[in-house]
1. Please enumerate the residues belonging to the stretch 222-242 that are touching a strand residue (DSSP E or B) at 6+ places or on another chain (Cβ under 6 Å) and assigned to a helix (DSSP H, G or I).
2. Restrict the check to the stretch 386-393 and report whether at least one residue is without any contact (Cβ under 8 Å) to a residue 40 or more places away in the chain and assigned to a loop (DSSP other than H, G, I, E, B).
3. Among the residues of the stretch 353-372, count how many are under 25 Å from the mean Cα position of the chain (by Cα) and either surrounded by 19 or more Cβ atoms within 10 Å (Cβ to Cβ) or of a type in the set (S, T, N, Q) (or both).
4. Name, by its number, the condition in (1) more than 15 Å from the ligand (Cβ to nearest atom); (2) over 30 Å from Glu343 (Cα atoms); (3) touching a residue at least 60 places away in the same chain (Cβ under 8 Å) that does not hold for Val267.
5. Is the stretch 413-432 home to any residue that is open to solvent by 20 Å² or more (accessible area, probe 1.4 Å) and within 30 Å of Asp19 (Cβ to Cβ)?
6. What number goes with the only condition from (1) closer than 18 Å to Gly250 by Cα; (2) part of a strand (DSSP E or B) that Arg156 does not pass?
7. Please enumerate the residues belonging to the stretch 392-411 that are open to solvent by less than 20 Å² (accessible area, probe 1.4 Å) and at pLDDT 95 or above.
8. So which residues in the stretch 175-217 are assigned to a loop (DSSP other than H, G, I, E, B) and either without any contact (Cβ under 8 Å) to a residue 40 or more places away in the chain or among the aromatic types (Phe, Trp, Tyr) (or both)?
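The values are calculated or read from the model by the stated rules, or taken from the named source; none is laboratory data. Predicted, not measured: the structure shown is a model, and the values here were computed from it. All Cβ positions, glycine included, derive from the backbone under ideal geometry; neighbour counts span all protein chains shown. Keep in mind that these areas ignore ligands, DNA and RNA; they rest on the heavy atoms of the full protein, side chains included. Shrake-Rupley method; radii C 1.70, N 1.55, O 1.52, S 1.80 Å.
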Amino acid sequence: MISGGIVESRFVAGFSLVDHHLQCDGVDLGAIAAVEGTPLYVYSAELLRARFHALDDAFGTYPHALHYALKANSNLAIGRLLHGLGSCADANSIWEIDVARRMGFRPDQIVFTGVGKSPEELERAVTLGLKAINVESAGELARIEALAVAHGQPARVAVRINPDIDAKSHPHISTGLKINKFGVPVDAARELFTTLSGRPYLKLVAVHVHIGSQVTSLEPLRGAAEFVAAIAVELRRMGMELEYVDVGGGLGISYDGSPVIEPRAYVEAIVDAVRPTGLPIVIEPGRSIVGPAGVLLGRVIDLKPRNAISDFAVLDAGMTELMRPALYGAFHRIEPLRASGAEPRHYELVGPVCESSDVVGRDRMLPPLAIGDVVAIRDAGAYGSAMASNYNRRPLPAEVMVDDGHWHVIRRRQSIDDMLALEFGGKGAPVR
Ligand code: PLP
(Lines give C-alpha, C1' and ligand atoms only; values in the text may rest on other atoms or scores of the structure.)
Protein backbone atom coordinates (compact mmCIF):
# COMPACT_ATOMS: atom_id res chain seq x y z
CA MET A 1 0.00 0.00 0.00
CA ILE A 2 1.24 3.49 -0.81
CA SER A 3 0.93 5.91 2.10
CA GLY A 4 -0.53 9.34 1.57
CA GLY A 5 -0.65 12.36 3.83
CA ILE A 6 -1.66 12.71 7.44
CA VAL A 7 -4.17 15.40 8.24
CA GLU A 8 -4.84 16.39 11.81
CA SER A 9 -8.49 17.03 12.51
CA ARG A 10 -11.43 16.11 14.71
CA PHE A 11 -12.20 12.45 14.16
CA VAL A 12 -15.65 11.27 13.08
CA ALA A 13 -16.08 7.73 11.68
CA GLY A 14 -17.34 7.74 8.11
CA PHE A 15 -18.19 10.78 6.04
CA SER A 16 -19.15 14.01 7.71
CA LEU A 17 -18.89 17.76 7.37
CA VAL A 18 -16.37 19.28 9.74
CA ASP A 19 -15.82 23.04 9.56
CA HIS A 20 -17.70 23.07 6.22
CA HIS A 21 -15.39 20.45 4.69
CA LEU A 22 -16.42 16.88 3.90
CA GLN A 23 -14.13 14.47 5.68
CA CYS A 24 -13.61 10.73 5.79
CA ASP A 25 -12.64 9.42 9.22
CA GLY A 26 -11.34 12.89 10.07
CA VAL A 27 -9.32 13.33 6.87
CA ASP A 28 -10.25 16.08 4.43
CA LEU A 29 -11.52 14.57 1.17
CA GLY A 30 -10.35 17.65 -0.73
CA ALA A 31 -6.78 16.98 0.42
CA ILE A 32 -7.00 13.38 -0.77
CA ALA A 33 -8.43 14.40 -4.17
CA ALA A 34 -5.71 17.04 -4.57
CA VAL A 35 -3.01 14.37 -4.23
CA GLU A 36 -4.62 11.29 -5.77
CA GLY A 37 -6.74 12.95 -8.48
CA THR A 38 -10.24 12.10 -9.66
CA PRO A 39 -12.29 10.03 -10.28
CA LEU A 40 -11.41 8.34 -7.04
CA TYR A 41 -13.08 5.90 -4.66
CA VAL A 42 -12.47 6.63 -0.99
CA TYR A 43 -13.37 4.14 1.75
CA SER A 44 -13.62 4.59 5.50
CA ALA A 45 -11.97 1.71 7.36
CA GLU A 46 -13.68 2.77 10.56
CA LEU A 47 -17.13 2.68 9.00
CA LEU A 48 -16.40 -0.73 7.45
CA ARG A 49 -15.53 -2.01 10.91
CA ALA A 50 -18.58 -0.39 12.48
CA ARG A 51 -20.95 -1.80 9.88
CA PHE A 52 -19.50 -5.30 10.15
CA HIS A 53 -19.75 -5.20 13.94
CA ALA A 54 -23.31 -3.80 13.87
CA LEU A 55 -24.47 -6.97 12.11
CA ASP A 56 -22.16 -9.39 13.87
CA ASP A 57 -22.85 -8.10 17.39
CA ALA A 58 -26.61 -8.12 16.79
CA PHE A 59 -26.53 -11.94 16.84
CA GLY A 60 -25.37 -11.89 20.46
CA THR A 61 -24.65 -15.47 21.43
CA TYR A 62 -26.73 -17.01 18.64
CA PRO A 63 -24.41 -19.15 16.45
CA HIS A 64 -23.84 -17.49 13.11
CA ALA A 65 -21.35 -16.62 10.38
CA LEU A 66 -21.21 -13.49 8.22
CA HIS A 67 -20.10 -14.37 4.73
CA TYR A 68 -19.26 -11.01 3.18
CA ALA A 69 -20.53 -10.99 -0.43
CA LEU A 70 -17.43 -10.21 -2.45
CA LYS A 71 -19.48 -9.20 -5.46
CA ALA A 72 -20.26 -5.91 -3.70
CA ASN A 73 -16.58 -4.95 -3.57
CA SER A 74 -13.68 -7.36 -3.78
CA ASN A 75 -10.76 -4.99 -3.35
CA LEU A 76 -8.07 -7.01 -1.54
CA ALA A 77 -7.62 -4.47 1.24
CA ILE A 78 -11.36 -4.38 1.99
CA GLY A 79 -11.58 -8.18 2.03
CA ARG A 80 -8.51 -8.48 4.23
CA LEU A 81 -9.91 -5.93 6.66
CA LEU A 82 -13.18 -7.85 6.94
CA HIS A 83 -11.36 -11.18 7.19
CA GLY A 84 -9.39 -9.72 10.08
CA LEU A 85 -12.67 -8.89 11.84
CA GLY A 86 -13.80 -12.51 11.62
CA SER A 87 -15.81 -12.37 8.41
CA CYS A 88 -16.15 -15.34 6.09
CA ALA A 89 -16.78 -14.93 2.34
CA ASP A 90 -19.49 -15.46 -0.26
CA ALA A 91 -17.99 -15.81 -3.73
CA ASN A 92 -19.86 -15.73 -7.01
CA SER A 93 -17.25 -17.13 -9.38
CA ILE A 94 -14.08 -19.15 -9.19
CA TRP A 95 -12.18 -15.90 -9.66
CA GLU A 96 -13.84 -14.41 -6.59
CA ILE A 97 -12.82 -17.60 -4.77
CA ASP A 98 -9.20 -17.04 -5.88
CA VAL A 99 -9.41 -13.45 -4.68
CA ALA A 100 -10.93 -14.61 -1.39
CA ARG A 101 -8.04 -17.06 -0.91
CA ARG A 102 -5.57 -14.20 -1.44
CA MET A 103 -7.47 -12.17 1.14
CA GLY A 104 -6.78 -14.94 3.62
CA PHE A 105 -10.09 -16.82 3.61
CA ARG A 106 -9.71 -20.58 3.99
CA PRO A 107 -11.82 -22.83 1.73
CA ASP A 108 -13.95 -23.79 4.73
CA GLN A 109 -14.79 -20.09 5.17
CA ILE A 110 -16.11 -19.67 1.62
CA VAL A 111 -19.55 -20.38 0.19
CA PHE A 112 -19.86 -20.44 -3.59
CA THR A 113 -23.05 -19.09 -5.15
CA GLY A 114 -23.79 -18.30 -8.76
CA VAL A 115 -26.48 -19.21 -11.22
CA GLY A 116 -24.08 -20.51 -13.87
CA LYS A 117 -20.97 -22.32 -12.73
CA SER A 118 -18.78 -23.68 -15.52
CA PRO A 119 -17.35 -27.23 -15.40
CA GLU A 120 -13.91 -25.75 -14.60
CA GLU A 121 -15.35 -23.65 -11.77
CA LEU A 122 -17.16 -26.65 -10.31
CA GLU A 123 -14.08 -28.83 -10.49
CA ARG A 124 -11.96 -26.28 -8.60
CA ALA A 125 -14.75 -25.78 -6.08
CA VAL A 126 -15.06 -29.53 -5.43
CA THR A 127 -11.33 -30.07 -5.06
CA LEU A 128 -10.88 -27.02 -2.82
CA GLY A 129 -13.39 -28.45 -0.33
CA LEU A 130 -15.40 -25.26 0.21
CA LYS A 131 -17.78 -24.78 3.13
CA ALA A 132 -20.59 -25.20 0.60
CA ILE A 133 -21.37 -25.01 -3.06
CA ASN A 134 -24.79 -23.39 -3.24
CA VAL A 135 -26.48 -25.48 -5.90
CA GLU A 136 -28.79 -23.85 -8.44
CA SER A 137 -30.29 -26.83 -10.31
CA ALA A 138 -30.67 -30.61 -10.37
CA GLY A 139 -28.27 -30.72 -13.32
CA GLU A 140 -25.62 -28.79 -11.42
CA LEU A 141 -25.99 -31.15 -8.47
CA ALA A 142 -25.42 -34.12 -10.78
CA ARG A 143 -22.31 -32.47 -12.28
CA ILE A 144 -20.93 -31.79 -8.79
CA GLU A 145 -21.57 -35.42 -7.85
CA ALA A 146 -19.74 -36.70 -10.94
CA LEU A 147 -16.73 -34.52 -10.11
CA ALA A 148 -16.79 -35.54 -6.46
CA VAL A 149 -16.81 -39.22 -7.48
CA ALA A 150 -14.02 -38.64 -10.01
CA HIS A 151 -11.85 -36.96 -7.37
CA GLY A 152 -12.86 -39.34 -4.59
CA GLN A 153 -13.80 -36.32 -2.52
CA PRO A 154 -17.39 -35.86 -1.26
CA ALA A 155 -18.73 -32.35 -1.94
CA ARG A 156 -20.47 -30.18 0.63
CA VAL A 157 -23.58 -28.70 -0.95
CA ALA A 158 -26.40 -26.36 -0.02
CA VAL A 159 -29.50 -26.26 -2.20
CA ARG A 160 -30.55 -22.75 -3.16
CA ILE A 161 -34.31 -22.76 -3.14
CA ASN A 162 -36.37 -20.17 -4.95
CA PRO A 163 -39.00 -19.33 -2.31
CA ASP A 164 -41.22 -17.26 -4.64
CA ILE A 165 -41.04 -14.30 -2.26
CA ASP A 166 -41.26 -10.76 -3.60
CA ALA A 167 -38.35 -8.79 -2.13
CA LYS A 168 -40.12 -5.55 -3.21
CA SER A 169 -36.78 -4.27 -4.46
CA HIS A 170 -35.92 -3.05 -7.97
CA PRO A 171 -36.92 -5.78 -10.50
CA HIS A 172 -33.32 -6.03 -11.74
CA ILE A 173 -32.06 -7.01 -8.29
CA SER A 174 -34.98 -9.15 -7.13
CA THR A 175 -34.04 -12.81 -7.22
CA GLY A 176 -36.60 -14.67 -5.13
CA LEU A 177 -39.58 -14.88 -7.47
CA LYS A 178 -40.47 -17.95 -9.54
CA ILE A 179 -39.93 -15.90 -12.71
CA ASN A 180 -36.30 -15.19 -11.71
CA LYS A 181 -33.52 -17.45 -12.93
CA PHE A 182 -32.20 -18.19 -9.46
CA GLY A 183 -32.48 -21.33 -7.38
CA VAL A 184 -34.52 -24.52 -7.49
CA PRO A 185 -38.33 -24.34 -7.15
CA VAL A 186 -39.42 -25.71 -3.80
CA ASP A 187 -41.15 -28.84 -5.19
CA ALA A 188 -38.12 -29.73 -7.28
CA ALA A 189 -35.92 -29.16 -4.21
CA ARG A 190 -38.06 -31.60 -2.20
CA GLU A 191 -37.56 -34.20 -4.94
CA LEU A 192 -33.81 -33.62 -4.85
CA PHE A 193 -33.74 -34.08 -1.08
CA THR A 194 -35.39 -37.48 -1.32
CA THR A 195 -32.54 -38.68 -3.56
CA LEU A 196 -29.70 -37.23 -1.48
CA SER A 197 -29.52 -39.86 1.24
CA GLY A 198 -28.45 -42.44 -1.35
CA ARG A 199 -25.66 -40.28 -2.78
CA PRO A 200 -22.54 -40.71 -0.64
CA TYR A 201 -20.49 -38.14 -2.58
CA LEU A 202 -22.94 -35.32 -1.84
CA LYS A 203 -23.17 -33.99 1.69
CA LEU A 204 -26.17 -31.69 2.11
CA VAL A 205 -25.03 -29.15 4.70
CA ALA A 206 -27.58 -26.37 4.31
CA VAL A 207 -30.50 -24.86 2.49
CA HIS A 208 -30.00 -21.43 0.99
CA VAL A 209 -32.22 -18.53 -0.10
CA HIS A 210 -31.38 -15.06 -1.40
CA ILE A 211 -34.42 -13.05 -2.40
CA GLY A 212 -32.73 -9.93 -3.72
CA SER A 213 -30.56 -6.94 -2.99
CA GLN A 214 -31.35 -3.49 -1.55
CA VAL A 215 -34.33 -4.95 0.32
CA THR A 216 -35.82 -2.21 2.47
CA SER A 217 -38.81 -3.93 4.05
CA LEU A 218 -38.33 -6.44 6.82
CA GLU A 219 -41.23 -8.74 5.96
CA PRO A 220 -39.72 -10.41 2.86
CA LEU A 221 -36.43 -10.97 4.70
CA ARG A 222 -38.26 -12.46 7.68
CA GLY A 223 -40.39 -14.54 5.28
CA ALA A 224 -37.28 -15.95 3.58
CA ALA A 225 -35.77 -16.92 6.95
CA GLU A 226 -39.05 -18.57 8.02
CA PHE A 227 -39.08 -20.40 4.72
CA VAL A 228 -35.62 -21.96 5.13
CA ALA A 229 -36.34 -22.75 8.78
CA ALA A 230 -39.48 -24.66 7.74
CA ILE A 231 -37.50 -26.61 5.12
CA ALA A 232 -34.86 -27.46 7.74
CA VAL A 233 -37.60 -28.84 10.00
CA GLU A 234 -39.03 -30.89 7.11
CA LEU A 235 -35.57 -32.30 6.41
CA ARG A 236 -35.06 -33.17 10.08
CA ARG A 237 -38.32 -35.13 9.96
CA MET A 238 -36.91 -36.98 6.95
CA GLY A 239 -33.85 -37.83 9.04
CA MET A 240 -31.58 -35.28 7.34
CA GLU A 241 -29.81 -32.96 9.77
CA LEU A 242 -28.39 -29.74 8.33
CA GLU A 243 -25.32 -27.92 9.70
CA TYR A 244 -26.77 -24.43 9.19
CA VAL A 245 -29.26 -22.40 7.17
CA ASP A 246 -28.12 -19.68 4.76
CA VAL A 247 -30.56 -16.77 4.44
CA GLY A 248 -28.49 -14.86 1.85
CA GLY A 249 -27.78 -11.15 1.75
CA GLY A 250 -29.90 -8.26 0.62
CA LEU A 251 -30.24 -5.90 3.58
CA GLY A 252 -30.83 -2.46 2.07
CA ILE A 253 -29.14 0.82 2.90
CA SER A 254 -30.41 4.38 2.82
CA TYR A 255 -29.30 6.07 -0.37
CA ASP A 256 -31.42 9.16 0.23
CA GLY A 257 -31.06 9.59 3.98
CA SER A 258 -34.50 8.20 4.85
CA PRO A 259 -34.72 5.55 7.60
CA VAL A 260 -34.10 1.91 6.65
CA ILE A 261 -34.06 -1.39 8.54
CA GLU A 262 -31.55 -1.31 11.38
CA PRO A 263 -29.11 -4.25 11.45
CA ARG A 264 -30.43 -5.16 14.92
CA ALA A 265 -34.05 -5.39 13.71
CA TYR A 266 -32.98 -7.46 10.70
CA VAL A 267 -30.93 -9.89 12.77
CA GLU A 268 -33.67 -10.15 15.40
CA ALA A 269 -36.20 -11.08 12.70
CA ILE A 270 -34.04 -13.82 11.16
CA VAL A 271 -32.91 -15.21 14.51
CA ASP A 272 -36.55 -15.36 15.69
CA ALA A 273 -37.46 -17.23 12.52
CA VAL A 274 -34.59 -19.74 12.69
CA ARG A 275 -34.25 -20.21 16.47
CA PRO A 276 -36.84 -23.04 16.65
CA THR A 277 -34.52 -25.15 14.48
CA GLY A 278 -31.53 -24.50 16.74
CA LEU A 279 -29.39 -24.25 13.59
CA PRO A 280 -26.61 -21.70 13.09
CA ILE A 281 -27.37 -18.91 10.61
CA VAL A 282 -25.23 -17.84 7.67
CA ILE A 283 -25.87 -14.43 6.12
CA GLU A 284 -24.24 -13.04 2.98
CA PRO A 285 -24.28 -9.26 3.36
CA GLY A 286 -22.50 -7.12 0.80
CA ARG A 287 -24.06 -3.71 0.29
CA SER A 288 -25.03 -3.17 3.93
CA ILE A 289 -21.39 -3.47 5.01
CA VAL A 290 -19.49 -1.69 2.29
CA GLY A 291 -22.05 0.58 0.57
CA PRO A 292 -22.09 3.54 2.96
CA ALA A 293 -18.37 3.13 3.69
CA GLY A 294 -17.33 4.41 0.25
CA VAL A 295 -17.70 7.55 -1.84
CA LEU A 296 -16.81 8.27 -5.43
CA LEU A 297 -15.14 11.64 -5.93
CA GLY A 298 -15.70 13.31 -9.28
CA ARG A 299 -14.53 16.68 -10.58
CA VAL A 300 -16.64 19.17 -12.52
CA ILE A 301 -15.05 19.35 -15.98
CA ASP A 302 -17.71 21.33 -17.82
CA LEU A 303 -20.78 23.41 -17.16
CA LYS A 304 -23.36 24.33 -19.75
CA PRO A 305 -26.93 25.57 -19.81
CA ARG A 306 -29.61 22.89 -19.96
CA ASN A 307 -32.81 24.91 -19.89
CA ALA A 308 -34.10 28.12 -18.36
CA ILE A 309 -33.68 26.86 -14.80
CA SER A 310 -31.01 24.22 -14.97
CA ASP A 311 -27.40 23.59 -16.01
CA PHE A 312 -25.53 20.45 -16.93
CA ALA A 313 -22.56 19.79 -14.70
CA VAL A 314 -20.30 17.32 -16.51
CA LEU A 315 -18.18 15.27 -14.11
CA ASP A 316 -15.11 13.18 -14.78
CA ALA A 317 -16.94 10.29 -13.06
CA GLY A 318 -19.93 8.58 -14.63
CA MET A 319 -21.44 5.23 -15.50
CA THR A 320 -18.00 3.67 -16.01
CA GLU A 321 -17.20 4.28 -12.33
CA LEU A 322 -20.73 3.97 -10.88
CA MET A 323 -23.12 2.06 -13.08
CA ARG A 324 -26.07 1.97 -10.68
CA PRO A 325 -27.83 5.18 -11.79
CA ALA A 326 -27.66 4.19 -15.48
CA LEU A 327 -28.49 0.54 -14.79
CA TYR A 328 -31.30 0.85 -12.26
CA GLY A 329 -32.14 4.55 -12.17
CA ALA A 330 -30.55 4.41 -8.72
CA PHE A 331 -30.34 7.53 -6.57
CA HIS A 332 -27.08 8.56 -4.87
CA ARG A 333 -26.68 11.71 -2.78
CA ILE A 334 -24.17 14.10 -4.31
CA GLU A 335 -22.44 16.77 -2.24
CA PRO A 336 -19.75 19.31 -2.87
CA LEU A 337 -16.66 18.81 -0.71
CA ARG A 338 -17.01 22.29 0.72
CA ALA A 339 -20.38 23.35 2.18
CA SER A 340 -21.49 26.81 1.17
CA GLY A 341 -24.34 29.06 2.20
CA ALA A 342 -24.78 30.32 -1.37
CA GLU A 343 -28.19 30.10 -3.01
CA PRO A 344 -28.45 26.55 -4.52
CA ARG A 345 -28.80 26.09 -8.27
CA HIS A 346 -30.49 23.38 -10.26
CA TYR A 347 -28.16 20.85 -11.91
CA GLU A 348 -28.26 17.69 -13.98
CA LEU A 349 -25.03 15.95 -13.01
CA VAL A 350 -23.80 13.82 -15.87
CA GLY A 351 -20.76 11.68 -16.62
CA PRO A 352 -18.39 12.03 -19.57
CA VAL A 353 -19.38 8.77 -21.27
CA CYS A 354 -20.92 8.76 -24.72
CA GLU A 355 -24.35 7.51 -23.58
CA SER A 356 -27.41 9.59 -22.72
CA SER A 357 -28.08 7.26 -19.78
CA ASP A 358 -24.81 8.46 -18.22
CA VAL A 359 -26.57 10.68 -15.68
CA VAL A 360 -25.22 10.47 -12.15
CA GLY A 361 -27.74 12.76 -10.48
CA ARG A 362 -30.97 14.08 -11.98
CA ASP A 363 -32.60 17.34 -10.95
CA ARG A 364 -30.33 18.21 -8.05
CA MET A 365 -30.12 21.43 -6.08
CA LEU A 366 -26.50 22.21 -5.19
CA PRO A 367 -24.53 25.31 -4.29
CA PRO A 368 -23.20 26.96 -7.46
CA LEU A 369 -20.53 24.72 -8.99
CA ALA A 370 -17.38 25.89 -10.74
CA ILE A 371 -15.11 23.96 -13.07
CA GLY A 372 -12.55 22.09 -10.98
CA ASP A 373 -14.86 21.65 -7.99
CA VAL A 374 -14.93 18.13 -6.60
CA VAL A 375 -18.17 16.46 -5.51
CA ALA A 376 -18.69 13.32 -3.48
CA ILE A 377 -21.15 10.72 -4.77
CA ARG A 378 -22.18 9.02 -1.57
CA ASP A 379 -22.79 5.34 -0.77
CA ALA A 380 -20.66 4.17 -3.68
CA GLY A 381 -18.76 1.52 -1.72
CA ALA A 382 -20.89 -1.36 -2.98
CA TYR A 383 -21.39 -2.18 -6.65
CA GLY A 384 -19.32 0.89 -7.60
CA SER A 385 -15.76 -0.17 -8.24
CA ALA A 386 -16.93 -3.79 -8.57
CA MET A 387 -19.06 -2.93 -11.63
CA ALA A 388 -16.67 -0.41 -13.19
CA SER A 389 -15.59 -0.80 -16.80
CA ASN A 390 -13.15 0.49 -19.40
CA TYR A 391 -15.92 1.65 -21.71
CA ASN A 392 -14.72 4.59 -23.82
CA ARG A 393 -11.24 3.32 -22.82
CA ARG A 394 -11.59 5.04 -19.51
CA PRO A 395 -9.02 3.73 -17.01
CA LEU A 396 -10.23 2.24 -13.74
CA PRO A 397 -9.87 4.86 -10.99
CA ALA A 398 -7.59 4.57 -8.01
CA GLU A 399 -9.05 3.43 -4.68
CA VAL A 400 -8.05 4.87 -1.35
CA MET A 401 -8.74 3.71 2.18
CA VAL A 402 -8.63 6.08 5.11
CA ASP A 403 -7.59 4.51 8.37
CA ASP A 404 -6.48 6.05 11.62
CA GLY A 405 -5.82 9.52 10.19
CA HIS A 406 -3.86 8.25 7.16
CA TRP A 407 -4.93 7.42 3.67
CA HIS A 408 -3.53 4.55 1.65
CA VAL A 409 -3.84 3.85 -2.04
CA ILE A 410 -5.33 0.35 -2.06
CA ARG A 411 -5.49 0.20 -5.84
CA ARG A 412 -3.51 2.48 -8.11
CA ARG A 413 -5.13 4.16 -11.08
CA GLN A 414 -5.05 1.98 -14.19
CA SER A 415 -2.65 3.23 -16.87
CA ILE A 416 -3.15 2.98 -20.61
CA ASP A 417 -0.36 0.37 -20.62
CA ASP A 418 -2.24 -1.70 -18.02
CA MET A 419 -5.32 -1.50 -20.18
CA LEU A 420 -3.57 -2.57 -23.37
CA ALA A 421 -1.35 -5.20 -21.78
CA LEU A 422 -3.68 -8.02 -22.92
CA GLU A 423 -3.88 -6.95 -26.56
CA PHE A 424 -1.65 -7.95 -29.48
CA GLY A 425 -1.88 -4.84 -31.65
CA GLY A 426 -3.04 -6.54 -34.84
CA LYS A 427 -0.19 -9.05 -34.93
CA GLY A 428 -2.40 -11.69 -33.30
CA ALA A 429 -1.68 -13.88 -30.37
CA PRO A 430 1.39 -16.12 -30.47
CA VAL A 431 0.49 -19.41 -32.22
CA ARG A 432 0.30 -22.26 -29.74
N1 PLP B 1 -25.77 -13.50 -1.86
C2 PLP B 1 -26.21 -13.69 -3.12
C3 PLP B 1 -26.51 -15.07 -3.56
C4 PLP B 1 -26.39 -12.61 -3.99
O5 PLP B 1 -26.81 -12.80 -5.23
C6 PLP B 1 -26.10 -11.30 -3.51
C7 PLP B 1 -26.30 -10.12 -4.36
O8 PLP B 1 -27.21 -10.00 -5.11
C9 PLP B 1 -25.63 -11.16 -2.18
C10 PLP B 1 -25.48 -12.27 -1.39
C11 PLP B 1 -25.30 -9.82 -1.62
O12 PLP B 1 -26.40 -8.99 -1.59
P13 PLP B 1 -26.32 -7.58 -0.87
O14 PLP B 1 -25.13 -6.88 -1.41
O15 PLP B 1 -27.59 -6.93 -1.24
O16 PLP B 1 -26.23 -7.83 0.60
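1. Of all residues in the stretch 222-242, those touching a strand residue (DSSP E or B) at 6+ places or on another chain (Cβ under 6 Å) come to 228, 231-232, 242.
Selection gives Val228, Ile231, Ala232.
2. We begin by selecting, within the stretch 386-393, every residue without any contact (Cβ under 8 Å) to a residue 40 or more places away in the chain; these are 393.
Filter once more, keeping what is assigned to a loop (DSSP other than H, G, I, E, B): none.
No - not one qualifying residue is present in the stretch 386-393.
3. Residues in the stretch 353-372 being under 25 Å from the mean Cα position of the chain (by Cα) and either surrounded by 19 or more Cβ atoms within 10 Å (Cβ to Cβ) or of a type in the set (S, T, N, Q) (or both): 4 in total.
4. (1)
5. At the first step, the residues of the stretch 413-432 found to be open to solvent by 20 Å² or more (accessible area, probe 1.4 Å) are 413-418, 420-432.
From the residues that got through so far, the ones that are within 30 Å of Asp19 (Cβ to Cβ) too are 413.
Yes, the stretch 413-432 has at least one match.
6. Among (1) closer than 18 Å to Gly250 by Cα; (2) part of a strand (DSSP E or B), the lone unmet condition for Arg156 is (1).
7. Quick first cut of the stretch 392-411, residues open to solvent by less than 20 Å² (accessible area, probe 1.4 Å) only: 397-402, 405, 407, 409.
Across the stretch 392-411, the qualifying residues are Pro397, Ala398, Glu399, Val400, Met401, Val402, Trp407, Val409.
8. As a first pass, look at the stretch 175-217 and keep what is assigned to a loop (DSSP other than H, G, I, E, B): 175-183, 197-201, 209-211, 213-214, 216-217.
Residues satisfying the conditions are Thr175, Leu177, Lys178, Ile179, Asn180, Phe182, Gly198, Tyr201.
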